[in-house]
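Step one of this worksheet: look at the structure below.
Values in this text are rule-based calculations from the coordinates and carry no lab data. The structure presented is a predicted model; accordingly, all values stated were derived computationally and were not measured. As a convention, Cβ positions derive from the backbone with ideal geometry for all residues, glycine included, and neighbour counts pool all protein chains shown.
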Amino acid sequence: MSDPGVTTLFLATFLGLLLSFILEGVWLPRSRDCWRRPWIALAVHGGIWLIACGPLLLILGRPWFAMAILCSFWLLLLLVNQAKTHALREPFVFQDFDYFLDAMRHPRLYLPFFGLWQTVGLTILVAGTALAGWWLEEPLANRFSWQGELTPILLVQGVGHLLVIPAMMKPLRATFDPWKDINRLGFLASLWCYGWAEWGKPNLITPFEGFPQPTASTVLPHLVAIQSESFFDPRPMFAGIRTDLLKNFDRCTATAAAHGPLTVPAWGANTVRSEFAFLSGIGQGQLGVHRFNPFRVLHNRQVITLATHLQRLGYRTLCVHPYSSRFYRRDRVYANLGFDQFIDINAFADGQKSGPFIGDLAVGEKVGQLLQQAEQPLFLFVITMENHGPLHLEKVGEKELAACFHQLPPAGCADLGVYLHHLGQADAMLAQVTTVMENLPRPAGLCWFGDHVPIMPHVYATLGYPTGESNYLLWRAGGGENRQRAEPSRVEELAANWLQVMGVPGSPSR
C-alpha cells in the first residue's frame with residue numbers, strides 16, 4: 001500500500017462513490033435521505049458503482065480521470081431524468097435506456113426536450129474533463145502487473161460484485177410506481193431493480209384467445225382503428241379556443257355508439273403503452289415492469305391480440321404508421337401481434353408532410369385507398385404522427401391561429417397554437433375517413449382515440465393541468481344509437497367494446 005498509485009486509486013474510487021450520492025441528492029431531492037434506504041439498496045448502489053469503476057481504471061489508467069468520466073455519465077442520467085420528469089411527469093426508468101439509441105437515430109424526438117444549453121453545457125463539461133484528465137494526470141505505470149495496481153483494481157471489482165450478491169439472491173421488491181421506488185430505494189438501485197425484474201415473464205393472456213369462427217352467412221364489416229397522435233379535447237382548458245375546432249369529432253359523437261373520456265397509461269409520450277393496451281386488452285397491472293415499454297419483450301414473442309382474432313375470422317390485418325417501422329421495433333413486433341402487413345413512411349412522400357411529419361390528411365387518403373381497394377374484410381390500425389412533438393420547435397401563422405382561437409391565450413402558450421393547428425388537421429382527417437366509409441359497399445366501423453395528451457408543460461403551468469385522459473368514439477357508417485352522454489372507458493377495454501358494438505362474432509365480453 002506504500003505505492004502512491006494504489007493510494008490514489010482507492011482515494012479516487014471512494015470520493016467518486018461519495019460524489020455519486022451527493023449528485024443524486026442535489027439533482028433528485030426525493031432520494032436525498034440515502035441513510036433511510038434498505039441496506040441492500042445501498043449495497044446495490046455501491047456495488048454497481050465499483051463494478052463500473054474497475055474497467056475504467058484498467059483501460060484509462062488514470063483514477064481521477066476515470067472517476068470524472070463516471071460522474072459525468074451519472075450526472076447525464078440525472079439530467080435526463082430531470083428532463084423526462086419535466087416533460088412527461090415520470091422519472092427515468094431502466095427500460096428508457098432503449099431511447100439512448102433511438103435519440104441518435106431520431107434526435108428531433110428527444111434532444112429538444114433535454115434543452116440546447118444543457119446539452120452544450122454537458123458537452124463542454126465532458127470534453128473539458130476528458131482533455132484535462134488525459135493531459136494532466138499520469139497513467140498508472142503498473143496497472144497490468146500483479147505487483148502493481150492490477151490487484152487493487154480487481155479488489156475493487158470483487159467488492160462490487162460481493163455487494164450486489166445479496167440483491168441477486170433476494171431481489172429488491174418494487175411497486176413499479178417509479179417515484180415510490182426511487183424515494184424508497186434510490187435512483188441507481190431502482191434502475192437495477194427494474195432491470196432485474198425484466199427477467200420475469202409477463203402474463204400476456206388476452207381476452208381475444210379462443211373465440212369461434214363466424215358462420216358462412218356472417219357479413220364482416222370493415223374495421224378502422226385510428227390512434228390519433230396526442231388527441232384529446234382541449235377546449236375545456238381555455239375558453240378562447242374556438243368551439244368549432246373539432247366540428248367533425250362533435251358531429252361523429254352525436255351519432256356515435258359510444259364516446260367519452262379515455263383512461264390511457266401514458267402522458268405526453270410512450271405511445272406503445274396505449275397501443276399495446278388497445279390491441280391486447282391487457283391493463284398495466286398485468287404487465288409488471290413491462291408496463292413501461294411492452295414492445296421490449298414482444299420482438300420474439302407472439303401474443304393473441306385484436307388483430308390475431310380478426311385475422312382468424314377472415315380479415316386482412318394492416319397497420320399504417322407514417323414513420324420508420326424500426327422505431328419501437330415495430331418491424332418485428334407487429335408480425336407477432338397478428339398483422340399481415342406494416343405500412344410505414346416508405347409509402348408516403350416528403351411532399352405529404354404537415355410540419356416535420358407526414359400529415360394526417362395524407363394518412364387519411366391512404367386509409368381511403370386501402371378501404372376502396374379491399375376485396376375482403378379489412379382491419380386497419382392507424383397510428384398517426386402529425387401532432388407529435390416537440391411542439392415548441394414549430395410556429396404557426398396568424399391565419400392558422402385565427403382558425404384555432406377567438407381569443408389568444410396568455411404569454412408562454414405558443415405551443416398550444418401549434419397543437420391546435422394540427423388537431424384541426426386530425427379533425428379534417430376524421431371527416432375524410434368517415435366520408436369514405438359511408439360510401440363503401442360493405443358495412444364499416446371506426447374506433448378513434450388519442451394515445452395520450454401532448455407535451456406542453458408551459459401551457460399546463462399557465463392554464464392548468466388536464467386529467468391525462470384522452471378522448472374516444474365508436475362510430476358506425478350509417479349512424480347508430482345516440483347515447484346523449486359520454487361514457488368513460490379504459491383503453492384496454494376499448495377494442496372489446498368496439499367489437500360488441502359492431503356485432504363481430506366471438507367478441508369478448510368484459
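Residues whose amide H falls under 5 Å from that of I343, counting only those 5 or more places apart or on a different chain, are C319, V320, H321, with hydrogens built in the peptide plane. By the equivalent-ellipsoid construction on the alpha carbon gyration tensor, the chain comes out with semi-axes of 49, 26, 20 Å, ordered largest to smallest. Here the 3J(HN,Hα) profile of region 76-92, calculated from phi with Karplus coefficients 6.51, -1.76 and 1.60 at θ = phi - 60°, is 4, 4, 5, 6, 4, 4, 5, 5, 5, 4, 5, 7, 10, 6, 8, x, 5 Hz, Gly and Pro shown as x. Remark: relative contact order (the chain) = 21 percent; criterion is Cα-Cα distance under 8 angstrom and separation of 6 or more residues. Farthest towards the positive end of the charge dipole of region 116-185, among the residues G121, M169, L150, is the Cα of M169, using unit charges on the Cβ of Lys, Arg, Asp and Glu. Restricting the trypsin sites (Lys or Arg not before Pro) of region 129-194 to loop positions (DSSP other than H, G, I, E, B) with no more than 13 neighbouring Cβ atoms within 10 Å leaves R173.
Once you charge only the Cβ atoms, +1 for Lys and Arg and -1 for Asp and Glu, what is the size of the charge dipole of the chain about its Cα centre, to the nearest 20 debye? Dipole of the chain, to the nearest 20 debye: 840 debye. Among the GluC sites (Glu not before Pro) within region 302-401, those in coil by DSSP and having at most 12 neighbouring Cβ atoms inside 10 Å are E375. Between rounded, prolate and oblate, where does region 412-467 land on the alpha carbon gyration tensor, with a ≥ b ≥ c its root eigenvalues, rounded for a/c under 1.5, else prolate if a/b exceeds b/c? Prolate is the answer for region 412-467, as a/c is 1.5 or above and a/b outweighs b/c.
Taking only Cα atoms, what is the 0 to 90° angle, nearest 10, from helix 150-169's long axis to the longest principal axis of the chain? Approximately 40 degrees, to the nearest 10. In the chain, helices alone account for a calculated mean residue ellipticity at 222 nm of -15500 deg cm²/dmol, with every DSSP H run of four or more residues adding -39,500 (n - 2.57).
Relative contact order, whole percent, for region 4-197 stands at 38, derived from Cα pairs under 8 Å and 6 or more residues apart. Counted without the sites themselves, the longest stretch of the chain free of chymotrypsin sites (Phe, Trp or Tyr not before Pro) in a DSSP loop having at most 10 other beta carbon atoms within 10 Å is 200-510. For G450, the residues whose amide H sits under 5 Å from its own are S228, N471, ignoring neighbours fewer than 5 places away on the same chain, with H placed 1.01 Å from N. Relative to the longest principal axis of the Cα atoms of the chain, the long axis of helix 271-280 makes an angle of roughly 60 degrees.
Between the helical axis of 491-502 and the longest alpha-carbon principal axis of the chain there is an angle of about 20 degrees. Comparing L306, G368, S325 along the charge dipole axis of region 296-417, the residue lying farthest to the positive side is L306, per the Cβ-charge model. The string of couplings for region 188-199 from the Karplus curve (6.51, -1.76, 1.60, θ = phi - 60°) is 5, 5, 5, 4, 4, 4, 5, x, 5, 5, 5, 5 Hz, one whole number per residue in order, with x for Gly and Pro.
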